[in-house]
Amino acid sequence: MGETNGGHVDLAMRVLDAHVAFTKQQLRDPAGFLEFVTEEIDGMLDEAAVLTLAQAVTREQIKAVAHKFAVQVPVEGAIPELVGEIVTRLYNHRANDEIEVGELVDPRRFDELIDAVADLDVTHRLVRLILNSPVTVDACVEAVQRAVVTAVDDGKHAEGSSLTRSLRGALSRLAEPAMPAIENGVGMITRTGARFVLRGNSGDADEVLIDSARETWRKHTGDAVGSFREVVSADDVEDIVVLVFEFWRTFRDTEYFRALLDEGIDGVFDKYGDTPLAELLGELGVGRAEMIEEALRFGPPALETLDERGYLDAMLRRRLAPFYASDAFRAAVADAGR
C-alpha cells in the first residue's frame with residue numbers, strides 16, 4: 001500500500017512537472033502563444049454569439065458595481081493628488097509652447113463647427129434667455145452706476161492744471177451729497193435703455209457672437225497654445241481641480257445622481273439586454289482582430305517578465321498542483337491501471 005502511494009506521488013510530481021513545462025512552452029513560444037490566444041478568443045466569441053447581455057449579468061449586478069465605484073469608493077488620497085500632478089504636467093508641457101492654436105483645428109473646419117453650434121436650437125434659446133434675463137439688465141445698471149461713482153471719486157483727486165483740478169473738485173463735492181438721487185436716476189435711465197438695446201439687438205445677437213468667435217479665433221491662430229497661461233495660472237488649474245473634486249464628492253452622493261446612474265444602466269439593458277455579447281462588442285468597436293492584437297501586444301512582454309522572475313512557474317504550479325495531489329488524480333491513475 002505504501003509503495004502504491006509512493007508511486008502515485010512520484011507519478012504526480014513527474015506529470016505536474018511535464019504539465020508546467022508544456023504550458024510554459026505554449027505561453028512563451030510566439031507561435032504557441034498565437035495559437036493559444038486565437039483558440040481562446042474564437043471559442044469565447046462563439047459562445048458570446050449566443051449569450052446575451054441579460055443572460056450574462058443582471059442590471060442589478062451592474063448597478064451594484066456602478067454604485068460602489070461611482071458613489072461609495074472614497075475620492076480622496078492618491079486619486080486627487082495624482083490628477084493634480086497630471087494636470088500640472090500637461091499645463092507645463094512643452095507642446096503648449098511649440099504648437100500654434102491654428103494647428104489644433106483647421107480654420108475651415110472651425111468655421112463649420114461654429115456655424116453648426118450657432119444653428120443649434122439650444123444656442124438660440126440660451127442667447128434669448130440671457131438677453132431677456134433681468135440679471136443681464138441689472139448687470140448693465142450696476143456697471144453704469146459704478147462708473148458714475150468712480151467718476152465722482154476721481155474728481156476729488158483730479159490731476160492737470162490748477163483750474164481743471166478746482167473745477168472737477170468743485171463739481172465732485174457738489175455731486176457727492178446728491179449721489180443717492182443721482183445713482184437712482186442713473187439706474188432708472190440705464191435700466192430702461194438696457195431693456196431697449198437688448199430687445200432691439202436680440203435678432204442680431206447670434207450673428208454677433210459668431211463673428212466675435214471667428215475674430216477671436218483668427219486673432220490667436222498664430223499664438224502658441226500655451227498663451228492661455230496669460231489668463232489661467234498654474235494655481236488656477238490646481239484650484240479648479242480641487243473645486244471639481246469637491247463638487248463631485250457632494251454631487252455623487254445625491255439622490256439625483258443615483259437616479260441618473262440607475263436610469264442610464266436601465267437604458268443600456270433595455271436597448272442591449274437581448275443582444276448577443278459578440279454583437280455588442282462589435283458595436284463598441286471591439287472585434288476579433290482587436291482582441292488578438294492587444295493580446296499579442298501585452299501578453300508576451302508580461303509573460304516574459306513573469307518567467308524571468310520565476311512567477312510564471314510558481315503561478316502554474318499553484319494552479320495545477322492541487323489536482324495532482326488530490327484523491328481525484330489518484331483515483332484516475334488507479335482506474336487507468338486496472
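Could we say that D239 is surrounded by 14 or more Cβ atoms within 10 Å (Cβ to Cβ), part of a helix (DSSP H, G or I) and either in contact with a Lys or Arg (Cβ under 6 Å, 6 or more places away or on another chain) or of a type outside the set (V, I, T) (or both) here? Reasoning before the result, please.
On the way: surrounded by 14 or more Cβ atoms within 10 Å (Cβ to Cβ): no; part of a helix (DSSP H, G or I): yes; either in contact with a Lys or Arg (Cβ under 6 Å, 6 or more places away or on another chain) or of a type outside the set (V, I, T) (or both): yes.
No; evaluated as a whole, the condition is false for this residue.
Go through region 10-37 residue by residue and tally those that are under 22 Å from T305 (Cα atoms) and open to solvent by 30 Å² or more (accessible area, probe 1.4 Å).
First, pick out the residues of region 10-37 that are under 22 Å from T305 (Cα atoms): 17-37.
The next check asks that each one be open to solvent by 30 Å² or more (accessible area, probe 1.4 Å); those that pass are 17-19, 21-22, 24-26, 28-31, 34-36.
Residues in region 10-37 being under 22 Å from T305 (Cα atoms) and open to solvent by 30 Å² or more (accessible area, probe 1.4 Å): 15 in total.
Kindly provide the set of residues from region 81-105 that are farther than 18 Å from V232 by Cβ and open to solvent by 90 Å² or more (accessible area, probe 1.4 Å), ordered by number.
E81, L82, E98, E103
Taking region 319-333 as the region of interest, how many residues are farther than 20 Å from T23 by Cβ and free of Cβ contacts under 8 Å to residues at least 12 places away in the same chain?
Step one: of region 319-333, the residues farther than 20 Å from T23 by Cβ are 327, 330-331, 333.
Retained after the next criterion (residues that are free of Cβ contacts under 8 Å to residues at least 12 places away in the same chain): 327, 331.
Final tally of qualifying residues: 2.
Is it true that some residue in region 69-80 is under 29 Å from V232 (Cβ atoms), within 24 Å of the chain's Cα centre (by Cα), aliphatic (A, V, I, L, M) and open to solvent by 60 Å² or more (accessible area, probe 1.4 Å)?
The answer is yes; a qualifying residue exists.
Part of a helix (DSSP H, G or I), of a type in the set (K, R) and over 32 Å from the mean Cα position of the chain (by Cα), is that true of R297? Give the steps one after another, and end with the answer.
Values: part of a helix (DSSP H, G or I): yes; of a type in the set (K, R): yes; over 32 Å from the mean Cα position of the chain (by Cα): no.
No: the conditions fail for R297.
Condition first: of a type in the set (D, E, K, R) and without any contact (Cβ under 8 Å) to a residue 60 or more places away in the chain. Now tell me which residues in region 208-250 satisfy that. Before the answer, list the steps.
Looking only at region 208-250, we keep the residues that are of a type in the set (D, E, K, R), and these are 211, 214-215, 218-219, 223, 229-230, 235-236, 238-239, 246, 249.
Scanning region 208-250 gives D211, E215, K219, E230, D235, D236, D239, E246.
Consider D270 carefully, then state whether it is of a type outside the set (K, R), at pLDDT 95 or above, over 25 Å from A31 (Cα atoms) and not in a helix (DSSP H, G or I).
Answer is no for this residue.
Do we find that A66 is open to solvent by less than 50 Å² (accessible area, probe 1.4 Å), closer than 17 Å to T275 by Cβ and not basic (K, R) in this structure?
Values: open to solvent by less than 50 Å² (accessible area, probe 1.4 Å): yes; closer than 17 Å to T275 by Cβ: no; not basic (K, R): yes.
Spelling it out, it is not the case that A66 is open to solvent by less than 50 Å² (accessible area, probe 1.4 Å), closer than 17 Å to T275 by Cβ and not basic (K, R).
Among the residues of region 280-318, what is the count of those that are touching a residue at least 40 places away in the same chain (Cβ under 8 Å) and either in contact with a Ser or Thr (Cβ under 8 Å, 6 or more places away or on another chain) or open to solvent by less than 100 Å² (accessible area, probe 1.4 Å) (or both)? Talk me through it step by step, then tell me what you get.
Of region 280-318, the ones touching a residue at least 40 places away in the same chain (Cβ under 8 Å) are 280-281, 288, 291-292, 295-296, 299-300, 303-304, 307, 312-313, 316-317.
From what's left, either in contact with a Ser or Thr (Cβ under 8 Å, 6 or more places away or on another chain) or open to solvent by less than 100 Å² (accessible area, probe 1.4 Å) (or both): 280-281, 291-292, 295-296, 299-300, 303-304, 307, 312-313, 316-317.
Adding up the residues that qualify gives 15.
The values are calculated or read from the model by the stated rules, or taken from the named source; none is laboratory data. Here the structure is a predicted model, which is why all the values come from computation and not from measurement. Glycine also receives a Cβ, built like all others from the backbone with ideal geometry; neighbour counts cover every protein chain displayed. To get the accessible areas, we keep the full protein, side chains included, count just its heavy atoms, and leave off ligands, DNA and RNA. Shrake-Rupley method; radii C 1.70, N 1.55, O 1.52, S 1.80 Å.
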